[in-house]
Amino acid sequence: MSDSSLTFGPPPAEFRLTPGKRVLFLTRDPELVRRQLRGELDLRMEDVDPADLLDDINTDTMTPAWVCFRHRPADLARDAYAGWVADGERVFGTDDLINGGFEVIVAGLRKGVGSSRETAAQAEKWAGIRLSIAASFAPIHERNLINQGVLTGGYDMVRRLQAGEGIPLDEFLAGQDPITTEIIRAGGLFAFGKGVRENTITVPPHETGERPMTIGEKIIASHLVGDVPQHVKPGDAVVARVDGGYSHEFTSAQVHVFLEEEFGNDYGVKDPSKFAVFEDHLIYADGVKKMMPFIDQIQTLRDLQVEFQKHTGVRDYSAKDGVSPGICHQVAREHIIEPGDFIQATDSHTCMGGASNALAYGVGATEYAALLHSGFTLVEVPESIRFELEGSLRPGVAAKDVILHILLHYAKPQKTLNRIMEFGGPGLANLSLDERATLANMATECTARAGVVEGDEALLDWIAARRPGVDRESLRAGLVGPDEGAHYDGGVHRIDLGAIEPMVATPGDPDEGVPSDPTNGALISGLGEVEIDIAYGGSCTAGKEDDLDMYAAVMREAHEAGLRVADGVHFYIQFGSADVEAYARAQGHLEIFAATGVEVIKPGCGACIGCGPGVSETPEQVTVSAINRNFQGRSGPGKLYLASPLTVAASAVTGRITAWKPGLFAKEQVGV
């Protein structure tokens, strides 16, 4: 971390505001924020209603994609919060956070939702922030802050600091597990790791005895390092072996640089055989007009990933002849992850691997670099919440509607926050493996730690079909189910799949779901008639084989009714992997797409990350998309609605947001 004068040494025994330093309140009113940045206003906590602080500040806002092209933290900090736009203008200008002299930053609920990008925490750290305050944090973001040596706390601390009081370090440690406590005391993850290597820091062992465990708890317990009890409970701080993981061109450069700075140019990795690099996020960036100013930075990221892969020998999923083998999360399902695995990677949708009965979640570049070098990581065992699925989905309803329902009714009131979402029950057998993957994938939108799905013979069939010669009995031995009597701190919630209606999330946040009217499958109650300009089907969430089947079923019915993509609408379908593309070709889907005016794109993240066809170009444009999140600016400046592959395809034909049901076009029920 040599590009900054900021240190990663231990924090002081007592935290005080440095004379002349300030507190920045991120309010719902952007003009109040601008006035603070300009030095015209200094707010005090006693004068601020917490309800007026901004909730759900996402990491795309804190460091949008173009900022992440800078792999050195001091450089990306210059444009911290560049994604916050109000009245057509950035709220934070270049160097505003650095030049404002702020040491404490204050936000509302769920600060740091969205991507696991550690750049969000780095931007604050290198802009001079020593303490991040919020009503609650997204778990990955809070971990990234702690790993960077930034303290976290609550509103009462701000009142005391502004009154001139000092806050003992022990108060920042209250409620933390023993390992996190030592990381905070050390001043960050790398400083902690150095202390462990030099035997100046000792991690106390946990002492949990035999108890019934959830799936996530059992996977962690089976990966514990050392002579420790093989049972865990929520809150235990443990050291666990990691089976595999991956990074992509947005993150590999930082991982490489951090490892060189920490361990020298000849650093090694513990076991490269089940780790990988992917070229998927920026594969189409060269063709996106708004990315043109950053092409040199993007190429640097690509070059550093190649250097990293050659240095470490991890699996190489780089593009060949300009074509990506696929999105990391989908390809990892197809070729890497096995039941019972513990997987970590530098992307928030790593949790998609939970569909394979594995525990998988995203981490920042610092944490990934540390575990890649050592082969193990530090875990505070999360709480769990279980969703018992019953019945079957009705025609016209998909797993995307189920997870949007869960987002609205469970995630929005924070029932899933920092918990492992466990999916099981008799209804699970009625969901395909790809549909289960949709549920696991969007656990991160629920601000959960991970999503994990019970395994069965269908899972073994799915893996065996994609990995010739795989030892099926070895796979079966890895299957993990919950123990009878396992405790779920978040409760057990029964979801009647047959009662789920098609859902659409309105622009701004995935948890703003609106259900369809059950009396009219084409009507989305409360939306009114929403005309669209773009329909997009793709991303890790919706570029799987089953998703392609859904797009094709709708477009085939439209074709038989003499219909095609509506005039003035662009309908893009992007494959999640090369294997998915081959499947779609074999099924004859490409012919029906060509006949109905669908624009098909080679594998990659594309519009989901704002880097490919399907990105809106003006604020007036409206998109209905099957991707996983719809934060402002995520996929262009326009209005972005989230929906299932079925709804996206139907909307492309009608030209307005329309829920699909069999026979919709044949019966001329295409109105909204």
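The values are calculated or read from the model by the stated rules, or taken from the named source; none is laboratory data. Predicted model, so just to flag it, every value in this text is computed and none were measured. Every residue, glycine as well, gets a Cβ built from its backbone with ideal geometry; the counts of neighbours run over all protein chains shown.
Things worth noting here:
- Counting only residues that are in a helix (DSSP H, G or I) and not hydrophobic (A, V, I, L, M, F, W, C), the range 37-79 holds 11 of them.
- Meeting the requirement of 1 or more residues that are more than 23 Å from M421 (Cα to Cα), the strands (runs of 3 or more DSSP E) wholly within the range 288-369 are 315-317.
- Candidates G326, G322, filtered to the one that is more than 22 Å from the chain's Cα centre (by Cα) and either within 19 Å of A542 (Cα to Cα) or loosely packed, with under 14 Cβ neighbours inside 10 Å (or both): G322
- Top-ranked residue in the range 396-443 [being at pLDDT 95 or above and among the polar types (S, T, N, Q); ranked as nearest to E217 (Cα to Cα)]: T416
- Qualifying residue in the range 541-557 (condition: touching a strand residue (DSSP E or B) at 6+ places or on another chain (Cβ under 9 Å) and assigned to a loop (DSSP other than H, G, I, E, B)): yes
- Note on the range 474-502: residues that are modelled with pLDDT under 95 and not in a loop (DSSP other than H, G, I, E, B) total 1.
- Of the set (1) surrounded by 22 or more Cβ atoms within 10 Å (Cβ to Cβ); (2) of a type outside the set (V, I, T); (3) part of a helix (DSSP H, G or I); (4) touching a Gly at 6+ places or on another chain (Cβ under 9 Å), all apply to D434 but (4).
- Residues (out of contact with any Lys or Arg (no Cβ under 8 Å at 6 or more places or on another chain) and part of a loop (DSSP other than H, G, I, E, B)) located in the range 392-408: S392, L393, R394, V397, A398
- Sole residue being under 30 Å from R110 (Cβ atoms) and among the hydrophobic types (A, V, I, L, M, F, W, C), chosen from V554, V598, V648: V648
- When the range 370-391 is filtered for residues that are in a helix (DSSP H, G or I) and of a type outside the set (A, V, I, L, M), the ones remaining, listed by number, are H373, S374.
- Tallying residues that are hydroxyl-bearing (S, T, Y) and either surrounded by fewer than 18 Cβ atoms within 10 Å (Cβ to Cβ) or under 16 Å from D156 (Cβ atoms) (or both) within the range 10-66 yields 1.
- Hits in the range 463-494 - residues which are buried (at least 20 other Cβ atoms within 10 Å of the Cβ) and under 17 Å from K412 (Cα atoms): G490
- Of all residues in the range 121-153, exactly one satisfies the criterion of being closer than 15 Å to I183 by Cβ, of a type in the set (D, E, K, R) and surrounded by fewer than 22 Cβ atoms within 10 Å (Cβ to Cβ), namely E142.
- The range 380-395 - residue that is in contact with a Pro (Cβ under 9 Å, 6 or more places away or on another chain) and more than 26 Å from D236 (Cα to Cα) and, of those, modelled with the lowest pLDDT: P395
- Highlighted here are the helices (runs of 4 or more DSSP H) found entirely within the range 80-185 that include at least 2 residues which are free of Cβ contacts under 8 Å to residues at least 12 places away in the same chain and farther than 30 Å from T202 by Cα: 155-162.
- When E207 is tested against (1) buried (at least 23 other Cβ atoms within 10 Å of the Cβ); (2) part of a loop (DSSP other than H, G, I, E, B), only condition (1) is not met.
- When residues of the range 553-578 are limited to those that are among the hydrophobic types (A, V, I, L, M, F, W, C) and surrounded by 24 or more Cβ atoms within 10 Å (Cβ to Cβ), the one nearest to K602 (Cα to Cα): F575
- Looking across the range 503-519 at every residue that is among the β-branched types (V, I, T) and assigned to a loop (DSSP other than H, G, I, E, B), the one that is surrounded by the fewest Cβ atoms within 10 Å (Cβ to Cβ) is identified as T519.
- Residue, farthest from the chain's Cα centre (by Cα), within the range 558-583, restricted to residues that are touching a residue at least 40 places away in the same chain (Cβ under 8 Å) and in a helix (DSSP H, G or I): E560
- D79 of a type in the set (D, E, K, R), crowded, with 16+ Cβ neighbours inside 10 Å and at pLDDT 95 or above: yes
- When residues of the range 614-635 are limited to those that are among the charged types (D, E, K, R) and assigned to a loop (DSSP other than H, G, I, E, B), the one surrounded by the fewest Cβ atoms within 10 Å (Cβ to Cβ): E620
- The numbered conditions (1) under 23 Å from H335 (Cα atoms); (2) within 23 Å of the chain's Cα centre (by Cα); (3) surrounded by fewer than 19 Cβ atoms within 10 Å (Cβ to Cβ); (4) among the aliphatic types (A, V, I, L, M) are all true for A458 except (2).
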